[in-house]
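Chemist: Dumping the structure here so I can ask a few things about it.
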Amino acid sequence: MTRTGDTRKVWDRLLGWLLPDGSPAGSLAQEDVERFCWYELPVKWVAEPAEYPHILTALAGLLQDAGRPRSAAVCTSEATREILAAWQHSPDQGRAAYRRAVNASPVTPPDTDLLTWGPVMGIGEAVARSNASRLLEQALDDDALMPGTRGYAAARIEHVERWLTTPHPAHDGRTPLDAVHSERRRTWAEAPPDARRRMRGTVMDLLSVAPETAADTAEPLRWLLEAVGDGVTLTQADLPRTLVIEAAERYDWYLPGMVPRTEYDVVRLAELHELARAARLLAKRHRKLALTTRGRQHLADPALLQATAARAWFGDGVRAELAEAAAAALLGGKLTLDDLTAAVHTLAAEVFTLPDGSAPRRDDTRHFLWAVAASRRGPRLPGIP
């Protein structure tokens with residue numbers, strides 16, 4: 001237990017906890033102080049809540065004397081008091097308050113178009129994120145970033161993106177962005193079981209180098225967004241019939257010689273419409289369907305549009321695992337459905353079980369792949385049924 005009146009012992013304990021290597025208090029990053037005040041103190045330290053004010057005042061004094069006034073202010077802030085009160089109410093409320101505070105902190109690196117920080121990180125990504133946090137803290141100290149001013153959010157992103165693309169000693173001279181991507185690929189490829197490792201190992205070299213010219217696999221999605229544009233009037237909840245007919249003819253999505261009446265006659269168009277709405281690229285207001293701001297951003301950024309298309313094609317859960325295996329097998333060249341079934345079933349049988357606990361049968365895998373193949377005919381996009 002910490003004795004409220006023994007400040008010297010509190011200092012020694014704080015320094016031993018926060019700086020076990022003996023570094024000076026001035027070397028503490030603000031994110032380390034935030035983590036201690038908002039998480040480690042209420043969850044990991046052996047101290048009564050009544051002792052928290054003295055502990056935090058002692059830490060604030062250490063940081064103030066070390067020339068870290070911004071970090072010192074974290075210790076005695078209203079936000080810290082509210083987070084500690086939330087922990088006392090319940091662990092769930094404490095964790096929620098802690099996450100909100102971290103997300104709002106000016107030293108938390110923002111997601112950018114170049115990189116979205118992972119919810120679970122490898123060592124390399126954790127190092128990169130910590131260094132990015134220190135970069136932001138230094139920019140705040142130098143008044144290069146000033147919270148609340150016009151353009152502040154964009155300036156933070158610019159600082160982080162510039163740093164992500166600059167070689168850094170912490171990553172053996174590579175850029176932090178390259179280091180994070182490399183670590184993610186390696187973690188992805190090495191995930192068990194053996195069948196998954198073997199499958200992913202065959203595509204690792206392909207993933208390390210982006211193609212000079214990417215295939216426009218999102219063309220049907222692009223067409224729909226452009227066709228809707230500033231707005232079309234829906235027929236009840238359906239796309240206009242002229243647009244339905246155009247889609248059917250453009251992609252050969254309907255029976256030869258026949259004319260569809262509604263979008264639900266053209267299953268792939270209905271799926272494409274659903275995808276665009278679910279991804280918030282299109283939005284309906286009353287009976288008018290129009291591009292959203294997000295939709296316009298996707299149209300202006302081919303890589304962003306194709307990423308959305310790819311996520312829709314692969315799906316998630318079991319479907320994503322097997323679709324990924326099928327895509328990896330097809331990278332080696334054209335395969336018959338029987339050959340593709342054999343390649344994918346190795347993973348399915350090793351990784352998954354049916355609701356009754358039995359292993360998937362070869363016919364189960366074949367049925368899944370038939371659905372995948374059907375969804376890829378004509379257009380090169382929409383999702384798996």
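Chemist: If we restrict to alpha carbons, what Rg and Dmax does the range 26-143 come to, in Å?
Modeler: Computed over the Cα atoms of the range 26-143, radius of gyration and Dmax are 14.7, 45 Å.
Chemist: Measure off 7 Å from each Cα along the Cα-to-Cβ vector at residue 337 and residue 44, then give the distance between these two points in nanometres to one decimal.
Modeler: About 5.5 nm, to one decimal.
Chemist: Determine by what factor the alpha-carbon radius of gyration of the range 237-378 differs from 2.2 N^0.38 Å, reporting the quotient. Write out the running numbers ahead of the final one.
Modeler: Working: Rg = 18.1 Å, N = 142, 2.2 N^0.38 = 14.5 Å.
Against the empirical 2.2 N^0.38 Å value, I get 1.25 for the range 237-378.
Chemist: Share of the range 235-385's accessible area from carbon and sulfur, percent, 1.4 Å? Don't jump to the answer; show the numbers that get you there.
Modeler: On the way: 4690 of 8690 Å².
Answer for the range 235-385: carbon and sulfur cover 54 percent of the accessible area.
Chemist: Take the alpha carbon gyration tensor of the range 315-366, find the square roots of its eigenvalues, order them as a ≥ b ≥ c, and report rounded if a/c is under 1.5; if not, report prolate when a/b exceeds b/c, else oblate. Don't jump to the answer; show the numbers that get you there.
Modeler: Details: a/c = 2.65, a/b = 1.57, b/c = 1.69.
It is oblate, given that a/c is not under 1.5 and a/b is not larger than b/c.
Chemist: A further question on this structure: Translational diffusion coefficient of the range 242-291 at 25 °C, 0.890 mPa s, Stokes-Einstein with Kirkwood Rh over Cα pairs, in µm²/s as a whole number. Write down the numbers at each step before the final one.
Modeler: Details: Rh = 11.6 Å.
Using the Kirkwood radius from Cα pairs, D works out to 212 µm²/s.
Chemist: Provide 171, 367 ordered by accessible surface of protein heavy atoms (probe 1.4 Å), highest first.
Modeler: Details: 171 10, 367 135 Å².
Heavy-atom accessible area, descending, gives 367, 171.
Chemist: Label residue 284 and residue 172 with points 7 Å out from Cα along Cα→Cβ: what is the distance between them in nm?
Modeler: Between residue 284 and residue 172, the label points sit 5.4 nm apart.
Chemist: Moving on. When the chain is modelled as a GNM with alpha-carbon springs shorter than 10 Å, which of 148, 257, 61 fluctuates the most?
Modeler: 257
Chemist: Specify the angular offset, from 0 to 90 degrees and rounded to the nearest 10, of the alpha carbon long axis of helix 337-351 from the longest principal axis of the alpha carbons in the chain.
Modeler: 30 degrees
Chemist: Moving on. Considering only protein heavy atoms and a 1.4 Å probe, what is the carbon-and-sulfur percentage of the accessible area of the range 26-103?
Modeler: On the way: 1910 of 3680 Å².
Carbon plus sulfur share of accessible area: 52 percent.
Chemist: Could you bin all the Cα-Cα distances of the chain into 10 Å bins starting at 0 and give me the percent of pairs in each, rounded to whole numbers?
Modeler: Per 10 Å bin, starting at zero, the Cα-Cα P(r) for the chain comes out as 4, 17, 21, 21, 19, 12, 5, 1, 0 percent.
Chemist: Roughly speaking, to the nearest percent, how much of the range 129-201's 1.4 Å accessible area is carbon and sulfur?
Modeler: Working: 2080 of 4070 Å².
Solvent-exposed carbon and sulfur of the range 129-201 make up 51 percent of the total.
Chemist: Additional query: Given a Förster radius of 51 Å and the C-beta distance between residue 330 and residue 113 as r, what FRET efficiency does 1/(1 + (r/R0)^6) yield to the nearest 0.05? Each step should come with its number before you reach the end.
Modeler: Details: r = 29 Å, r/R0 = 0.57.
Working from the Cβ atoms, E equals 0.95.
Chemist: So how tilted is helix 91-104 from the main axis of the chain? Cα-based, degrees 0 to 90, rounded to 10.
Modeler: It works out to around 90 degrees.
Chemist: I'd like to know which of 293, 138, 353 lies farthest towards the positive end of the charge dipole of the chain, counting +1 on Cβ of Lys and Arg and -1 on Cβ of Asp and Glu.
Modeler: 293
Chemist: How charged is the neighbourhood of residue 146? Take every other residue with its Cβ under 13 Å from the Cβ of residue 146, and add Lys/Arg as +1 and Asp/Glu as -1. Kindly include the intermediate steps, with their values, before the conclusion.
Modeler: On the way: positive: 70, 150, 156; negative: 141, 142, 143.
Neighbourhood net charge equals 0.
Chemist: Same structure again: Once fully extended, how much extra length lies between residue 93 and residue 23, figured as 0.36 nm per residue of separation less the alpha-carbon to alpha-carbon distance? Display every interim value, and only then the final one.
Modeler: Numbers: separation 70, 0.36 × 70 = 25.20 nm, distance 3.36 nm.
My answer for the length gained is 21.8 nm.
Chemist: Please report the relative contact order for the range 1-100, taking Cα pairs under 8 Å with a sequence separation of at least 6, and give it as a percent rounded to a whole number. It would help to have the intermediate numbers written out before the result.
Modeler: On the way: 91 pairs, mean separation 27.5, N = 100.
Result for the range 1-100 is 28 percent.
Chemist: Evaluate the relative contact order of the range 244-385 (contact order divided by residue number), counting alpha-carbon pairs under 8 angstrom at least 6 apart; express in whole percent.
Modeler: Numbers: 130 pairs, mean separation 30.7, N = 142.
Relative contact order, the range 244-385: 22 percent.
Chemist: Next up: In a Gaussian network model over the chain where Cα atoms closer than 10 Å are linked, find which of 149, 76, 175 has the largest mean-square fluctuation.
Modeler: Result for the chain, Cα springs under 10 Å: 149 fluctuates most.
Chemist: Continuing with the same structure: Leaving out ligands and nucleic acids, note down the accessible area per residue over the range 103-256 with a 1.4 angstrom probe, in whole Å². Working shown, then result.
Modeler: Numbers: 8740 Å² over 154 residues.
Result: 57 Å² per residue.
Chemist: Would you please report the Å³ per residue occupied by the convex hull of the alpha carbon atoms in the range 202-268? Walk me through the numbers before you get to the answer.
Modeler: Working: hull volume 9.9 nm³, N = 67.
Convex hull volume per residue, Cα atoms: 147 Å³.
Chemist: If you don't mind, another one. Could you give the nm distance between label points at residue 186 and residue 227, where each point is 7 Å from its Cα heading toward the beta carbon?
Modeler: According to this spin-label approximation, the distance is 4.6 nm.
Chemist: Something else now. Using only Cα atoms and rounding to the nearest 10 degrees, what angle (0 to 90) does helix 52-65 make with the longest principal axis of the chain?
Modeler: 80 degrees
Chemist: Using the charge dipole of the range 193-312 (Lys, Arg: +1 at Cβ; Asp, Glu: -1 at Cβ; taken about the Cα centre), state which of 278, 199, 262 has its Cα farthest towards the positive end.
Modeler: Of the listed residues, the answer is 278.
Chemist: Only Cα pairs under 8 Å and at least 6 apart count here; give the relative contact order of the chain as a rounded whole percent.
Modeler: Details: 396 pairs, mean separation 40.5, N = 385.
That works out to 11 percent.
Chemist: With +1 on each Lys and Arg Cβ and -1 on each Asp and Glu Cβ, and nothing else charged, work out how big the dipole of the chain is about its Cα centre, in Debye to the nearest 20.
Modeler: On the way: 47 positive and 51 negative charges, 140 e Å.
Here the chain has a charge dipole of around 680 debye.
Chemist: Does the range 194-311 come out rounded, prolate or oblate by the C-alpha gyration tensor, with a ≥ b ≥ c the root eigenvalues, rounded set by a/c under 1.5 and, if not, prolate when a/b is larger than b/c and oblate if not? Show your work: numbers first, answer last.
Modeler: Working: a/c = 2.45, a/b = 1.70, b/c = 1.44.
Note, shape of the range 194-311 comes out prolate.
Chemist: Taking R0 as 51 Å, what's the FRET efficiency between residue 216 and residue 64 from their Cβ-Cβ distance, rounded to 0.05?
Modeler: Working: r = 58 Å, r/R0 = 1.13.
For residue 216 and residue 64, the calculated efficiency is 0.35.
Chemist: Cut-off 10 angstrom, C-alpha nodes, Gaussian network model of the chain. Which of 167, 110, 20 fluctuates the most?
Modeler: Its mean-square fluctuation being the largest, the pick is 20.
The values are calculated or read from the model by the stated rules, or taken from the named source; none is laboratory data. This one's a predicted model, so the numbers in the text were calculated from it and none came from an experiment. No Cβ is skipped: glycine too gets one built from the backbone with ideal geometry, and neighbour counts run over all protein chains shown. Calculation scope for accessible area: heavy atoms of the full protein, side chains included, ligands and nucleic acids excluded. Shrake-Rupley method; radii C 1.70, N 1.55, O 1.52, S 1.80 Å.
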